[in-house]
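Engineer: Let me give you the structure first, and then I'll get to my questions.
The values are calculated or read from the model by the stated rules, or taken from the named source; none is laboratory data. For clarity, every value in this text was computed on a predicted model and none was experimentally measured. Cβ placement follows ideal geometry from the backbone for every residue including glycine, while neighbour counts extend to all protein chains displayed. We work out accessible area using only protein heavy atoms, side chains counted, and drop any ligands, DNA or RNA first. Shrake-Rupley method; radii C 1.70, N 1.55, O 1.52, S 1.80 Å.
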Number of protein chains: 2
Amino acid sequence: MAGSRMKLELCRVAQGRSRLGVLKGLGRTGQHSLEVPGCLLHTHLGSVPHLTQDTLHTLSNLPSVTQVTLSNIAEHQDVLEEFKGGFRKFAGLHDTVLYCSLHDPATPSPTGYTTNKTVSVWGSGGRIELTVAKFMALQKSVQPDWYQSMADGETWQNGTSRKRVRKSVDRTLAHLDECLLLHQKSQELEGVDVFGVVEGGDILEERLRSARETAKRPVAGFCLDGLQTGCMEQTLRTQLITAVTKELPEDKPRLMQGVGRPDEVLACVEAGVDLFESFFPFQVTERGCALCFSFNISPDPELAGRALPAVLELDEARDTTEETQQNGDVNLDDQTQMTSFEIDLKDKRYQDDFRPLVEGCGCYCCKNHQRAYLHHLLVTNELLAGVLLMIHNTAHYHAFFGALREALASDKLELLKRRVLGERGGRKD
Amino acid sequence: MAGSRMKLELCRVAQGRSRLGVLKGLGRTGQHSLEVPGCLLHTHLGSVPHLTQDTLHTLSNLPSVTQVTLSNIAEHQDVLEEFKGGFRKFAGLHDTVLYCSLHDPATPSPTGYTTNKTVSVWGSGGRIELTVAKFMALQKSVQPDWYQSMADGETWQNGTSRKRVRKSVDRTLAHLDECLLLHQKSQELEGVDVFGVVEGGDILEERLRSARETAKRPVAGFCLDGLQTGCMEQTLRTQLITAVTKELPEDKPRLMQGVGRPDEVLACVEAGVDLFESFFPFQVTERGCALCFSFNISPDPELAGRALPAVLELDEARDTTEETQQNGDVNLDDQTQMTSFEIDLKDKRYQDDFRPLVEGCGCYCCKNHQRAYLHHLLVTNELLAGVLLMIHNTAHYHAFFGALREALASDKLELLKRRVLGERGGRKD
């Protein structure tokens, strides 16, 4: 598209589909870049929940792209218009690329409010209906470097009819055309990148049609929508993504919406996805848990040994999780449910556990506090608990993406998968 | 008392009662000191709510003494005993003096649970009854540098009978004697300072008796209890404190419990109080407000001018506060009520106010964010709001104590009082 500088340079494609590369030319000056597979920095109203910019920047390996969502921002449009400096300045953000998506992946919106001409977002004050004109006016006041086009994504519920899915693909393409038309007329949005949205629910032909048609438009990349955690099994998701990505140009990035669990991230990367949203560590934090899964693919036996206690601990937790799930299927709708990648620090077993969350983790929380102290902060509802957990979970999650890229670079994806999916200290292999 | 190194060195006593000095010989090594009038660092379970130690230490002028309360800690006694390293190490605190008080001044306890042999504290899991033996066992596991003796403080309600007040004084003296007896037998508590507690409700003779008797014991200083905000008018409080402090030795510090409002702090200092608890900025933060009162006594007109917008702003807020109070007396029981020293950032007037909280304030929040952004974080319930407000309110409150000491040193207490109590841009004077 006119003015877009975003460009994906692939260094390696493993096993035909897993892509390793660098997304270059980001930001208005084109100076920023982002390694893929990678993820965007998830924020609420521009802030990583609980963390100041200062605290956040004590973490290394942070993504250069910050994600904000219109559902947070739409109700403040008049203030942003008066402010004039754009959302980045309004939120006190500095040297970061700003990506503006439609919905917040951490809080699913109610369905049934999409029309041919509008989509709705839900802020703290309730529903806000967006026409294409209002959507584009919002983008002008937000001044992002990159945004997701307007889309009808209401096809993620099981049993959505073929007719509804077809309509969603048609509407989303119509929205995209209208957005691009207004975009190209707008001086303010010159040089800003637009991602088209691939819809199609769980119907393969509609997914393929959506992908082919979107790829014909002058977009900088693609959002894969309606495939989020809770709406389908990974097997079906993998089939759909694999088919869709074959229809998309190699040199444009693919951003997966609503998927954050490490096992699902790995499967999506194997199916050809490049980018993710990092809402998962926030969800883990809000349930009082700490990410604790291993992603250590270092050949150094000393380093490998250091991660062992955490992994063993996690196995115990996993056994408990499995027990509680024996009487029913995994609840696909409930994203707030604890996963096997975390430990529940509110559990009594941690009240006298004087170890850090993860042995060898270099984050502020692990360097300064023990599980027992976190446990006590949580059971007594102290406000610092969320801050400390968010520091660790953010650090752990972004380090996992670092390990994922390292694994792709050094042909160790299978080893990483075994680590993440929980090879049980000698019981397997 | 045996082993105590705490010593108050007064540099100046203004107008016969306001004391300026340094409390020396704090901590087990005796290396720490605290300027008076001053305040202790208020914490929940060792953490300043919302703030990591790292974030906290971006603030200057922090007190060298951290206050923890048994109501937070008592339910974790078994874990602390197993941990063995004491509460300071358990909470990841470093170079700070640890002071352990009985109750949390920010959350008043229910009354009616005190007996001749026990007092009760309320943790997150409910009531915990403490005998002197259990109280002292707790102190041994906490390993503070300084603690408040056990006391019966249930006399703060209006209309408490003379008989009940007399009983409270008797019990508190009995508790103190028993604590000191066990303390002197304990090797673990060698060198640890004990503060006796002056009770007596609103009855002058009982206050005097409590002060005189407590002063006979080998205590390092005195807590003034039962005079907290919400239980009496400042006039009566001033009379009682003035009378009590005459009975206390000049070279031992007096710690006021449960008073945090700047106007009341000033009045208490004029009556002879040295130390305060800093729970007030936390209460202000929890109601979504920002401390914004002026304490600028600098002769530099440029600096003085800089504080003006905040003060003018505050006057508007104060007018509103006064209006809402016209139909009734100040609610003495409600400490959660907004005061005239703060602005309510949830108010719609701040939604497009692009200034910092306080012009010229050097805290992280004021240097990086505007009122409008704070307003939006608050109305959308974003978790960062509490972090940012806590940074500013803590910085502002401790800077106020710095200005108070400066005013005493340079004979400007009257000027400071006018500033704090709200001289209205030319309308007075």
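Engineer: Out of region B:7-41, which residues are open to solvent by less than 50 Å² (accessible area, probe 1.4 Å), under 22 Å from B:Gly402 (Cβ atoms) and not in a strand (DSSP E or B)?
Structural biologist: Passing the criteria: B:Gly27, B:Pro37.
Engineer: In region B:45-62, which residue that is among the hydroxyl-bearing types (Ser, Thr, Tyr) and within 14 Å of another protein chain (Cβ to nearest Cβ) is surrounded by the fewest Cβ atoms within 10 Å (Cβ to Cβ)?
Structural biologist: As a first pass, look at region B:45-62 and keep what is among the hydroxyl-bearing types (Ser, Thr, Tyr): B:47, B:52, B:55, B:58, B:60.
Okay, now just the ones that are also within 14 Å of another protein chain (Cβ to nearest Cβ), so B:47, B:52, B:55, B:58.
Details: B:Ser47: 26, B:Thr52: 25, B:Thr55: 23, B:Thr58: 16.
Among those residues, the one meeting the criterion is B:Thr58.
Engineer: Mind counting the residues in region B:344-391 that are small (Gly, Ala, Ser) and part of a loop (DSSP other than H, G, I, E, B)?
Structural biologist: 2
Engineer: Here is a further query. Would you point out which residue out of A:Arg171, A:Arg166, A:Arg209, A:Arg217 is over 20 Å from A:Val142 (Cβ atoms), in contact with a strand residue (DSSP E or B) (Cβ under 6 Å, 6 or more places away or on another chain), surrounded by fewer than 24 Cβ atoms within 10 Å (Cβ to Cβ) and at pLDDT 95 or above? Working first, answer last.
Structural biologist: Details: A:Arg171 fails: in contact with a strand residue (DSSP E or B) (Cβ under 6 Å, 6 or more places away or on another chain); A:Arg166 fails: in contact with a strand residue (DSSP E or B) (Cβ under 6 Å, 6 or more places away or on another chain); A:Arg209 fails: in contact with a strand residue (DSSP E or B) (Cβ under 6 Å, 6 or more places away or on another chain).
Answer to the check: A:Arg217.
Engineer: Can you tell me which of B:Glu233, B:Glu277, B:Glu264, B:Glu250 is of a type in the set (Asp, Glu) and touching a helix residue (DSSP H, G or I) at 6+ places or on another chain (Cβ under 9 Å)?
Structural biologist: So the residue among B:Glu233, B:Glu277, B:Glu264, B:Glu250 that is of a type in the set (Asp, Glu) and touching a helix residue (DSSP H, G or I) at 6+ places or on another chain (Cβ under 9 Å) is B:Glu264.
Engineer: It is to be established whether one or more residues within region B:88-99 are away from chain A (no Cβ under 13 Å) and within 19 Å of B:Ala151 (Cα to Cα). Talk me through it step by step, then tell me what you get.
Structural biologist: First, pick out the residues of region B:88-99 that are away from chain A (no Cβ under 13 Å): B:95-99.
After this cut, where a residue has to be within 19 Å of B:Ala151 (Cα to Cα) as well, the list is B:99.
Yes, some residue in region B:88-99 is away from chain A (no Cβ under 13 Å) and within 19 Å of B:Ala151 (Cα to Cα).
Engineer: Name the residues in region A:225-261 that are in contact with a Phe, Trp or Tyr (Cβ under 9 Å, 6 or more places away or on another chain), free of Cβ contacts under 8 Å to residues at least 40 places away in the same chain and not in a loop (DSSP other than H, G, I, E, B), would you?
Structural biologist: A:Arg254, A:Met256
Engineer: Next up: Would you please name the residue that is nearest to the chain's Cα centre (by Cα), looking only at residues in region A:63-85 that are away from chain B (no Cβ under 13 Å) and polar (S, T, N, Q)?
Structural biologist: A:Gln67
Engineer: Among the residues of region B:360-369, is there at least one that is open to solvent by less than 70 Å² (accessible area, probe 1.4 Å), over 28 Å from B:Ser60 (Cα atoms) and modelled with pLDDT under 95?
Structural biologist: Within region B:360-369, none of the residues are open to solvent by less than 70 Å² (accessible area, probe 1.4 Å), over 28 Å from B:Ser60 (Cα atoms) and modelled with pLDDT under 95.
Engineer: Given the conditions (1) crowded, with 17+ Cβ neighbours inside 10 Å; (2) within 14 Å of chain B (Cβ to nearest Cβ), and given that A:Arg355 satisfies all but one, which numbered condition is not satisfied?
Structural biologist: (1)
Engineer: Identify all residues within region A:212-229 that are over 25 Å from A:Asp145 (Cβ atoms) and of a type in the set (Ser, Thr, Tyr); write none if there are none.
Structural biologist: A:Thr229
Engineer: Considering (1) at the interface with chain B (Cβ under 10 Å from one of its Cβ atoms); (2) within 22 Å of B:Glu382 (Cβ to Cβ), say which one A:Tyr373 fails and leave the rest.
Structural biologist: Exception for A:Tyr373: condition (2).
Engineer: Would you check which residues across region A:58-86 are closer than 30 Å to A:Ala399 by Cβ and outside any helix (DSSP H, G or I) and list them?
Structural biologist: A:Thr58, A:Leu59, A:Ser60, A:Asn61, A:Leu62, A:Pro63, A:Ser64, A:Val65, A:Thr66, A:Gln67, A:Val68, A:Thr69
Engineer: Right, next: Taking into account only those residues within region A:333-352 that are farther than 16 Å from A:Pro281 by Cβ and more than 9 Å from chain B (Cβ to nearest Cβ), which is least open to solvent (accessible area, probe 1.4 Å)? First the steps, then the outcome.
Structural biologist: In the first step, residues of region A:333-352 are kept if they are farther than 16 Å from A:Pro281 by Cβ; the result is A:333-334, A:346-352.
Now narrow it down to the ones that are more than 9 Å from chain B (Cβ to nearest Cβ): A:333-334, A:346-350.
On the way: A:Asp333: 121, A:Asp334: 57, A:Lys346: 86, A:Asp347: 59, A:Lys348: 140, A:Arg349: 78, A:Tyr350: 3 Å².
Among residues in region A:333-352 that are farther than 16 Å from A:Pro281 by Cβ and more than 9 Å from chain B (Cβ to nearest Cβ), the one least open to solvent (accessible area, probe 1.4 Å) is A:Tyr350.
Engineer: Something else about it: Just give me the residues in region A:195-205 being surrounded by fewer than 23 Cβ atoms within 10 Å (Cβ to Cβ) and outside any loop (DSSP other than H, G, I, E, B), in sequence order.
Structural biologist: Residues satisfying the conditions are A:Leu204, A:Glu205.
Engineer: Hey, does region A:30-44 have a residue that's closer than 19 Å to A:Thr285 by Cα, within 12 Å of another protein chain (Cβ to nearest Cβ) and at pLDDT 95 or above?
Structural biologist: Of all residues in region A:30-44, those closer than 19 Å to A:Thr285 by Cα come to A:39-44.
Those still in the list that are within 12 Å of another protein chain (Cβ to nearest Cβ) too: A:43-44.
Of the ones still in play, those that are also at pLDDT 95 or above are A:43.
Yes: one or more hits.
Engineer: Do you know which of the residues in region B:109-132 that are within 14 Å of another protein chain (Cβ to nearest Cβ) and not in a loop (DSSP other than H, G, I, E, B) is most open to solvent (accessible area, probe 1.4 Å)?
Structural biologist: Within region B:109-132, the subset within 14 Å of another protein chain (Cβ to nearest Cβ) is B:121-126, B:128.
Going one step further and asking which of them are not in a loop (DSSP other than H, G, I, E, B), we end up with B:121-123, B:126, B:128.
Numbers: B:Val121: 0, B:Trp122: 76, B:Gly123: 17, B:Gly126: 22, B:Ile128: 34 Å².
Only one residue fits best here, namely B:Trp122.
Engineer: Take A:Gly221 and tell me if it is touching a Pro at 6+ places or on another chain (Cβ under 6 Å) and either within 30 Å of A:Gly86 (Cα to Cα) or of a type in the set (A, V, I, L, M) (or both).
Structural biologist: Working: touching a Pro at 6+ places or on another chain (Cβ under 6 Å): yes; either within 30 Å of A:Gly86 (Cα to Cα) or of a type in the set (A, V, I, L, M) (or both): yes.
Answer is yes for this residue.
Engineer: Of the residues that sit in region A:376-408 and are of a type in the set (S, T, N, Q) and at the interface with another protein chain (Cβ under 7 Å from one of its Cβ atoms), which one is least open to solvent (accessible area, probe 1.4 Å)?
Structural biologist: Of everything passing the filter in region A:376-408, A:Thr380 is least open to solvent (accessible area, probe 1.4 Å).
Engineer: Looking for whichever is out of contact with any helix residue (DSSP H, G or I) (no Cβ under 8 Å at 6 or more places or on another chain) and in a helix (DSSP H, G or I) here; the options are A:Lys89, A:Lys163. Which one fits?
Structural biologist: A:Lys163 is the lone residue from the list that is out of contact with any helix residue (DSSP H, G or I) (no Cβ under 8 Å at 6 or more places or on another chain) and in a helix (DSSP H, G or I).
Engineer: Here's a follow-up. Please determine whether any residue of region B:254-261 is modelled with pLDDT under 95 and polar (S, T, N, Q).
Structural biologist: no
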